[in-house]
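Below is one structure; the comments refer to it alone.
The values are calculated or read from the model by the stated rules, or taken from the named source; none is laboratory data. As the structure is a prediction and not an experimental result, all values here were calculated from the model. Here the Cβ positions follow ideal geometry from the backbone for every residue, glycine too, while neighbour counts run over all protein chains shown.
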Amino acid sequence: MPKSKYETHVLPKLVLVEAWARDGLSLEQIAHNLGVADSTFRDYKTRYPALSAALARGKEVVDIEVENDLLKKCHGYNATITKHYKVKRVEYDPKTGKRRAETEELVEVLDEVHVPADTTAIMFWLANRRREKWSYKPEGGGESEGTGVVELAPVDVEPVVPPEVRENGEGVENGE
């Protein structure tokens, strides 16, 4: 009986599968790299615990890194960036004081900048981590609740004149 592609194409490369998952490759890309059809690869993932464990180990590292980056973006942070400046150097003759030479060079400088907190990252974090309190579309209720539709109250056709205006006679027409 011939061996399955799992034994020939996947099992010997489980370490690579874990690395590819850690690098952020999709299941389709990993299946392609292994030379296995996407549907077959998904079937192997459910049938073989070693494969699903390798994928989970690889994705766990990346997920934690992304969570940390998202949290960092929510709080704001200081970052060191590289800037380039053009610097002009002028040489003067010490005896006469006249300009002798002029050169320009590009100088690389490290600068620390503050990256402020990102409101969108904060909203995303809260909507996913504290759904009961920060949901975009609250669940439950009638048909219109949770649909994102805002219902407005009907507008009065005739404006209502407040009593204090009627007493002064202002705003009253035709001797009402």
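Brief remarks on what is shown
- You will find that of 96, 40, 46, the residue that is of a type outside the set (D, E, K, R), out of contact with any Leu (no Cβ under 7 Å at 6 or more places or on another chain) and surrounded by 15 or more Cβ atoms within 10 Å (Cβ to Cβ) is 40 and no other.
- Pairs meeting the criteria (first residue in the range 114-126 and closer than 12 Å to residue 78 by Cβ, second residue polar (S, T, N, Q), beta carbons under 8 Å, at least 6 apart or on different chains) are 114/78; 115/78.
Condition check ((1) assigned to a helix (DSSP H, G or I); (2) more than 30 Å from residue 125 (Cβ to Cβ)) across all residues:
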site	(1), (2)
25	no, no
28	yes, no
33	yes, yes
39	yes, yes
50	yes, yes
53	yes, no
62	yes, no
67	yes, no
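- Residue 136 satisfies every condition listed in (1) assigned to a loop (DSSP other than H, G, I, E, B); (2) among the hydroxyl-bearing types (Ser, Thr, Tyr); (3) at pLDDT 65 or above; (4) farther than 30 Å from residue 73 by Cβ except (4).
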